[in-house]
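Have a look at the structure below before the remarks.
The values are calculated or read from the model by the stated rules, or taken from the named source; none is laboratory data. Here the structure is a predicted model, which means the values were calculated and not measured. Counting neighbours? That spans all protein chains shown, and the Cβs are built from the backbone with ideal geometry, glycine included. Note: accessible area is taken over every heavy atom of the protein model, side chains too, but ligands, DNA and RNA are not part of it. Shrake-Rupley method; radii C 1.70, N 1.55, O 1.52, S 1.80 Å.
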Amino acid sequence: TGFFVLVSPVNHFPNFFHSRAIQHTCMLLSYLLERKADKKTVIMKLKELESSMRSGRKLFRLGNMVHAMVAARRTTQLPDPVPRLCLTASNLNRVLYFICDTVLWVKSVGLIPDIDKHKWRNWATKCYYYSLLMNLTRDLYEISWRMEQEGPFSFHADGLQPFLLLLYHTLRKHPPLLLDTVKNICDLSSPLDQLGIYKTNPGVIGLCGLLSSLVGILTVARPHMKLKH
């Protein structure tokens, strides 16, 4: 029983999102202050705190891996084939990501020093990226289905304005879907940058990470705002 209490996502997710929010806030503030010569000490402290928060999040590795495996098993039972495929693929990629992350941790503590850090970090980033793409695909499918339910005729109307108007009304009526989409889009900034697909800067990554973390905190605090499978 003690093991499952330790790794339970209900127990560790609030702390996970808090540390993630602090980490990305530090990244954003460091970027905003980096051109100010008199803020070098503050920037150094912010980067140290960011590093500490990143290291602290590693403590949740085991719980996250177990949660991803349980989620993958659960999503294979979904009746709709598109969410079933997307969410199962997403969760399996999350499992692979946490495996790669564990290997990198083993390397960082010196247990197996001859591990190719660059290769494993690249694999971890790709798994995270593919997981987010699957989540976004599910979101887009859900948005499309909801839009058709809202207005099957206006959905096929010509012009951008009717489409955007219907999209606005759809997302306004379904806040969990909006929040999930925003979170996944924000999370994409980091792997896009790391993989060289779309280069940005620490300020953008920090801001997107902070927004994503705030959405995560909101959905934990108010479960009805979390998109259901």
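Before moving on, here are some points about what is shown:
- Across the range 176-189, rounded Karplus estimates of 3J(HN,Hα) from the backbone phi angles (6.51 cos²θ - 1.76 cosθ + 1.60, θ = phi - 60°) give x, 5, 4, 4, 5, 5, 4, 4, 5, 5, 4, 5, 5, 4 Hz, Gly and Pro being marked x.
- Neighbour net charge for M225 - beta-carbon separation under 13 angstrom, K R +1, D E -1: +3
- Packing-based order for 140-150, 86-96, using average beta carbon neighbours within 10 Å, highest first: 86-96, 140-150
- Packing rank of 197-205, 98-106, where each peptide gets the mean count of other beta carbons within 10 Å, highest leading: 98-106, 197-205
- Shown in residue order for the range 206-220 are the 3J(HN,Hα) couplings computed by the Karplus curve 6.51 cos²θ - 1.76 cosθ + 1.60 at θ = phi - 60°: x, 5, 5, x, 5, 4, 4, 5, 5, 5, x, 4, 4, 6, 6 Hz (x for Gly and Pro).
- Each of Q149 and K228 was given a label point 7 Å from its Cα along the Cα-to-Cβ line. The distance between the two points is 1.0 nm.
- In order through the range 67-82: 3J(HN,Hα) via Karplus (6.51 cos²θ - 1.76 cosθ + 1.60), integer Hz, x for Gly, Pro: 4, 5, 5, 5, 5, 4, 5, 5, 6, 5, 9, 5, x, 7, x, 5
- Around the Cα centre of the range 81-229, unit charges on the Cβ atoms of Lys, Arg, Asp and Glu (plus for the first two, minus for the last two) sum to a dipole of about 320 debye.
- Whole-percent carbon and sulfur share, accessible surface of the range 79-166, 1.4 Å: 64 percent
- Summing charges over neighbours of Q77, with a neighbour being any other residue whose Cβ is under 15 Å away from its Cβ, gives +3 when K and R count +1 and D and E count -1.
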